[in-house]
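The values are calculated or read from the model by the stated rules, or taken from the named source; none is laboratory data. Just so it is clear, the structure is predicted and the values come from calculations on it, not from any experiment. Here Cβ is always computed from backbone atoms with ideal geometry, including for glycine, and neighbour counts include all displayed protein chains. The protein model used for the area step is the full one, side chains on, heavy atoms only, and it has no ligands, DNA or RNA in it. Shrake-Rupley method; radii C 1.70, N 1.55, O 1.52, S 1.80 Å.
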Amino acid sequence: MKFIHTSDWQIGRTFRFADDDTLGSLQAERLEAIRRLGLLARQEGAAHVLVAGDVYEHETPAERTLHQPIERMRDFADIQWHLIPGNHDADQPEGVWARLARSGLPENVTVHREPGPVLIDTAHNAWALPAVLKRRHVLTDLTAYMDEAETPPDALRIGLAHGSVVGFGGEVESEHNPVALDRAKRAGLAYLALGDWHGFCQIDARTIYSGTPETDRFTTGGGGGGEVVVVTLHGPRGEPEIKRHRTGRYTWKKLDDVVLTSEQDILALDARIRSIAPDNPGAVLVWAAVSGLLSVDDMALYESNILKRLSGAVACLRLTGAPQLSAGLDDLDRFGSGGAVRAAAEHLLAQSEAGGAEGQLASEALQRLFLFWQEMGAQAG
């Protein structure tokens with residue numbers, strides 16, 4: 001039997017650091033990932049897609065958001081989609097799953113809202129054993145029932161759960177929605193499909209976190225996200241065949257401790273970011289922690305190459321910190337030997353050299369003054 005394992009779609013997720021255009025694109029791509037999953041299932045000859053929780057970002061999505069993923073799945077009527085609630089979309093009495101039940105679901109979409117074995121593939125004698133979150137956090141292992149759950153002889157027992165494997169990750173994380181490290185072995189599972197971690201992570205031969213199909217953060221554990229798992233089961237006791245498949249369009253990259261002190265550093269940063277996806281920089285999101293000291297001319301280059309051109313080339317350029325302006329009295333000669341602008345620049349330079357919060361503001365103001373003056377000079381020329 002072959003199926004696709006995925007999780008953590010989190011449809012409706014917002015990204016506060018992104019502008020409106022980028023936010024819209026990121027949200028749209030999370031929906032487009034569902035179409036890619038359907039096409040992959042057809043390509044691989046997989047009749048089922050198992051979604052291990054967090055289909056939605058919130059328990060009370062807007063009406064349009066509620067139906068968007070369902071309609072994408074409806075388009076693949078030849079594929080059976082199996083969903084369970086996650087910690088973001090737990091099965092509350094008037095929550096997302098109750099609303100969908102009232103409005104009706106396509107025949108090829110099943111939401112597993114109660115624990116217990118469910119026959120999902122007669123030809124392969126395959127049974128899903130879902131763990132169902134009824135609230136965001138629980139302290140008991142909802143997969144424990146699988147140990148005693150009865151299925152026919154030689155059945156393919158496929159666990160489906162959303163939570164943290166106890167004894168593998170951090171202890172704080174495993175306090176909520178815990179899953180026993182050896183649940184697959186205890187319950188005689190052919191495979192345990194897990195959700196909650198946003199990056200691929202293999203706990204053992206039968207216990208896998210698929211990660212989210214479209215990366216959604218700069219720091220993702222495991223394999224980094226943006227992929228799904230194609231699983232082939234060779235009988236109830238055979239070891240599963242696991243094939244990772246990239247589905248994500250966007251590449252997220254975090255750059256720590258970027259220190260800029262020269263023109264060469266600026267050009268190197270520009271080239272480094274553009275090299276992440278040289279054929280498609282528009283699919284790259286970068287978060288860089290920037291510091292350093294730059295001369296007046298280099299600061300102008302930073303403004304032009306990084307803040308303007310590079311920011312326009314990538315999907316998102318998120319900067320923490322900034323290089324500081326290194327200016328002295330000789331640099332003030334750019335404003336002439338006298339006049340109001342020169343006097344203002346001298347005052348700002350003195351304040352910046354005094355340090356403190358006011359000095360920081362003065363330094364930033366002086367930087368803007370230099371850049372404005374250069375732009376005006378360039379336009380006049």
Q) Tell me, which residue of region 93-108 that is among the charged types (D, E, K, R) and either touching a strand residue (DSSP E or B) at 6+ places or on another chain (Cβ under 6 Å) or part of a loop (DSSP other than H, G, I, E, B) (or both) is farthest from ALA52 (Cα to Cα)? A) GLU94
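Scan region 67-92 for residues that are outside any loop (DSSP other than H, G, I, E, B) and either at pLDDT below 95 or open to solvent by 40 Å² or more (accessible area, probe 1.4 Å) (or both) and jot them down.
So in region 67-92, the residues outside any loop (DSSP other than H, G, I, E, B) come out as 67-74, 80-83.
HIS67, GLU71, ARG72, ARG74, GLN80 - these are the residues of region 67-92 that are outside any loop (DSSP other than H, G, I, E, B) and either at pLDDT below 95 or open to solvent by 40 Å² or more (accessible area, probe 1.4 Å) (or both).
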Q) Out of all the residues in region 344-381, which are at pLDDT 65 or above, in contact with a helix residue (DSSP H, G or I) (Cβ under 9 Å, 6 or more places away or on another chain) and exposed (fewer than 11 other Cβ atoms within 10 Å of the Cβ)? A) ALA354
Q) Of the residues THR151, THR232, which is at pLDDT 95 or above, surrounded by fewer than 22 Cβ atoms within 10 Å (Cβ to Cβ), of a type outside the set (D, E, K, R) and under 26 Å from GLU32 (Cα atoms)? A) THR232
Q: Give me the pairs, please: first residue somewhere in region 345-370 and of a type in the set (S, T, N, Q), second residue anywhere and exposed (fewer than 14 other Cβ atoms within 10 Å of the Cβ) and in a helix (DSSP H, G or I), beta-carbon distance under 9 Å, and either six or more positions apart or on two chains.
A: GLN351/GLU358; GLN351/LEU361; SER352/GLU358; SER352/GLN360; SER352/LEU361; SER363/GLU353
Q | Residue list for region 270-302, filter: of a type in the set (Gly, Ala, Ser) and either under 19 Å from LYS254 (Cα atoms) or buried (at least 20 other Cβ atoms within 10 Å of the Cβ) (or both) | A | ALA271, SER275, ALA277, GLY282, ALA283, ALA288, ALA289, SER291, GLY292
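Rundown of residues vs (1) buried (at least 19 other Cβ atoms within 10 Å of the Cβ); (2) touching a Ser or Thr at 6+ places or on another chain (Cβ under 7 Å); (3) modelled with pLDDT of 95 or more, yes/no style:
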site: THR6; (1), (2), (3): yes, yes, yes
site: THR14; (1), (2), (3): no, no, no
site: ALA18; (1), (2), (3): no, no, no
site: ALA41; (1), (2), (3): yes, no, yes
site: ALA52; (1), (2), (3): yes, yes, yes
site: VAL55; (1), (2), (3): yes, no, yes
site: THR65; (1), (2), (3): no, no, yes
(Q) Which condition from (1) touching a strand residue (DSSP E or B) at 6+ places or on another chain (Cβ under 6 Å); (2) within 18 Å of GLN27 (Cα to Cα); (3) at pLDDT below 95; (4) not charged (D, E, K, R) is the one that GLY225 breaks? (A) (1)
Q: Return the residue satisfying two criteria in turn: it lies in region 297-318 and is over 16 Å from ASP21 (Cα atoms) and among the basic types (Lys, Arg), and of such residues it is modelled with the highest pLDDT.
A: ARG309
Q. Across region 199-220, what is the number of residues that are touching a residue at least 40 places away in the same chain (Cβ under 8 Å) and open to solvent by 10 Å² or more (accessible area, probe 1.4 Å)?
A. 3
Q: Say whether the condition of being open to solvent by less than 90 Å² (accessible area, probe 1.4 Å) and more than 27 Å from ARG157 (Cβ to Cβ) is met by at least one residue in region 238-250.
A: yes
Q. Restricting the search to region 178-197, which residues are open to solvent by less than 10 Å² (accessible area, probe 1.4 Å) and either under 21 Å from VAL138 (Cα atoms) or within 20 Å of the chain's Cα centre (by Cα) (or both)?
A. VAL179, ARG183, ALA184, ALA187, LEU192, ALA193, LEU194, GLY195
Q: Report, by residue number, each residue of region 20-39 that is within 25 Å of HIS124 (Cα to Cα) and surrounded by fewer than 17 Cβ atoms within 10 Å (Cβ to Cβ).
A: LEU39
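Consider region 229-266. How many of its residues are in a loop (DSSP other than H, G, I, E, B), within 30 Å of GLN27 (Cα to Cα) and charged (D, E, K, R)? Steps first, please.
Of all residues in region 229-266, those in a loop (DSSP other than H, G, I, E, B) come to 233-240, 247-250, 261-262.
Checking which are within 30 Å of GLN27 (Cα to Cα) leaves us with 247-250.
In the following step, the residues that additionally are charged (D, E, K, R) were identified as 249.
Number of matching residues: 1.
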